[in-house]
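Taking it in order: structure first as structure tokens, then the write-up.
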Amino acid sequence: MNLPVLAQSPKWIAIDKPAGVSVHNEANDVLHLLHRQLDMPLDKLHLVHRLDKETSGVLLVAKDVSTAAKMAEQFQSHQTEKIYYAVLRGSLPISSDWLEWNQPLSDKAEGRKNPQGMSKDRVPAQTQYRITEANQYFSLAEVRLLTGRQHQIRKHTALAKHAILGDSRYGEPKYNERMAGIYQTSRMFLHAAKLSIVFEGATLNFAAPLPQEFSKLIRGN
């Protein structure tokens, strides 16, 4: 399996990670696949950031330790811009204005019974969103992260009672199972669409096209 390459240089590579492919700790994870695809030593490849296994979209991998450290610092200091798209359960009003979910969240993987986590563990979290398209069943949300809590988008949408379609951790299992049967897809509908990062004085912009299955759910084609 070859991973779709969005752009690359001698120091980094940006890919469009498919849903269902882990970024690490599996025999066919991103690093092992790139190791074979690029014919590079595995220890030369370093994840700059991470995406959940169930999430598709832009993923940046460094080709040396120094580049990884420089790029990771941009993420840690929130000097990057990340745009996601998510198909949410239910119909929400379309808006060109950014709205915000800002319930405090724990920085741990939680579950559907308490997405916020224990009160003592909660820290500030900000997720901006706007609904770009909707039908009577689903809404397509453009999402911008202002903080970087674990599963932040997944938790905030669940707390808003509009969980991401196919989210097995925070969504309703029976609903997801029914939708998977109707639409013949069991993926989680969260996609990292755009990433901007400053590296060595230049702004790098990456974009991964919206997966076809997202359009099919929203537009029927």
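Miscellaneous remarks
- Set Lys17/Lys53; Lys113/Lys155; Lys108/Lys155; Lys113/Lys216; Lys44/Lys82 screened for pairs whose C-alpha atoms are more than 19 Å apart: Lys113/Lys216; Lys44/Lys82
- Its Cα centre serving as origin, the chain has a Cβ charge dipole (Lys and Arg +1, Asp and Glu -1) of approximately 500 debye.
- Of the GluC sites (Glu not before Pro) found in segment 165-221, those in coil by DSSP whose Cβ has at most 11 other Cβ atoms within 10 Å are Glu200.
- Euclidean distance of C-alpha centroids, segment 6-35 and segment 169-211, integer Å: 16
- Of Gln116, Gln126, Gln184, the one that fluctuates the most in a GNM where the chain has Cα springs shorter than 10 Å: Gln184
- Selected from Ala158, Ala14, Ala27 as most flexible by GNM, with the chain as the system and alpha-carbon contacts under 10 Å: Ala27
- In segment 5-219, taking the dipole from charged Cβ atoms about the Cα centre, the farthest positive-side position among Ile182, Ala202, Leu47 is held by Ile182.
- Restricting the chymotrypsin sites (Phe, Trp or Tyr not before Pro) of segment 63-134 to loop positions (DSSP other than H, G, I, E, B) with no more than 15 neighbouring Cβ atoms within 10 Å leaves Trp98.
- Residues whose placed amide H lies under 5 Å from that of Ala7, excluding near-sequence neighbours: Ala14
- Between Gln128 and Ser66, full extension at 0.36 nm per residue minus the direct alpha carbon distance yields a gain of 19.1 nm.
- For the chain, the alpha-carbon coordinates run over 47, 39, 32 Å along the three principal axes, in decreasing order.
- Note on the chain: GNM, Cα springs under 10 Å; of Gly57, Gly166, Gly201, the largest mean-square fluctuation is that of Gly201.
- Computed over neighbours whose Cβ is under 13 Å from that of Arg144, the net charge equals -1, Lys and Arg +1, Asp and Glu -1.
Every number in this text was worked out from the coordinates using simple rules, so none of it is lab data. This structure is a prediction, so every number in the text was calculated from the model and none was measured. Cβ sites come from the backbone with ideal geometry, for glycine too, and all protein chains shown count toward neighbours.
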